[in-house]
Amino acid sequence: MLKNKTTVQIITSNFILAKSVWRKALGLMFHKKANLIMYFKESTSISLHNFFVFYPLEVIILDAQKKVVEIKKTFHPFTLYTAKEKGIYCVELGKGASKNKCSVGDILEF
């Protein structure tokens, strides 16, 4: 379960956890609407592509303490995105899945 610890709201109860290089590279390509959390071993500049994902996503970048450092509300299919802030976790949600349940500075838990 992905929960906003700051506002005590559940964002989603279903997600895929991607730790391996292969799973992160595959991401949500060719999936029906799903949610994904990518884990990186160290803080990094996260670059994403939305090729072969046929629905828009909401992207949330978290630091090592799972604090929201950046949110991209709409990541359109077949586009590229590079986060301005470095992060350890990258959360990809179906567009509007968080329904404004998190803001920059909030702490998430999963």
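With no solvent and one point per C-alpha, what does the Debye sum give as log10 I(q)/I(0) for the range 1-107 at q = 0.23 Å⁻¹?
Each listed q maps to, in turn, -1.42.
How many Å² of accessible area per residue for the chain, probe 1.4 Å?
Details: 6140 Å² over 110 residues.
Per-residue value: 56 Å².
Divide by every residue of the chain the summed helix terms, -39500 (n - 2.57) for each DSSP H run of at least 4, and state the resulting mean residue ellipticity at 222 nm, rounded to the nearest 500 deg cm²/dmol.
After summing the helix terms and dividing by residue count, I get -1000 deg cm²/dmol.
Would you please report the Å³ per residue occupied by the convex hull of the alpha carbon atoms in the range 44-110?
Considering the Cα atoms of the range 44-110, their hull volume per residue is 77 Å³.
At 7 Å along the Cα-to-beta-carbon direction for both His31 and Ile107, put a label point, then send me their distance in nm to one decimal.
2.7
Which one of Lys86, Lys99, Lys67 has the biggest mean-square fluctuation once the chain is modelled by GNM with Cα springs under 10 Å?
Lys99
Take the residue pairs Lys72/Lys99; Lys24/Lys73; Lys32/Lys66; Lys33/Lys101; Lys24/Lys72 and return only those whose Cα atoms are more than 22 Å apart.
Lys32/Lys66
Rg and Dmax in Å for the range 1-62, alpha carbons only: what are they?
12.4, 34
For a quick check, take a GNM of the chain with Cα springs below 10 Å and name the residue from Asn50, Asn14, Asn35 with the largest mean-square fluctuation.
It is Asn14.
Taking the chain as a Gaussian network, Cα atoms linked when under 10 Å apart, which of Ser13, Ser43, Ser98 shows the biggest mean-square fluctuation?
In this elastic network of the chain, the residue with the biggest mean-square fluctuation among Ser13, Ser43, Ser98 is Ser13.
At R0 = 22 Å, how high is the FRET efficiency between Ser43 and Ile16 if r is their beta carbon distance? Nearest 0.05 is fine.
0.50
The values are calculated or read from the model by the stated rules, or taken from the named source; none is laboratory data. Keep in mind it's a predicted model, so treat the numbers as computed, not measured. Glycine gets a Cβ as well: all are built from the backbone with ideal geometry, and neighbour counts include every protein chain shown. These area figures cover heavy atoms from the full protein model, side chains too; ligands, DNA and RNA do not enter into them. Shrake-Rupley method; radii C 1.70, N 1.55, O 1.52, S 1.80 Å.
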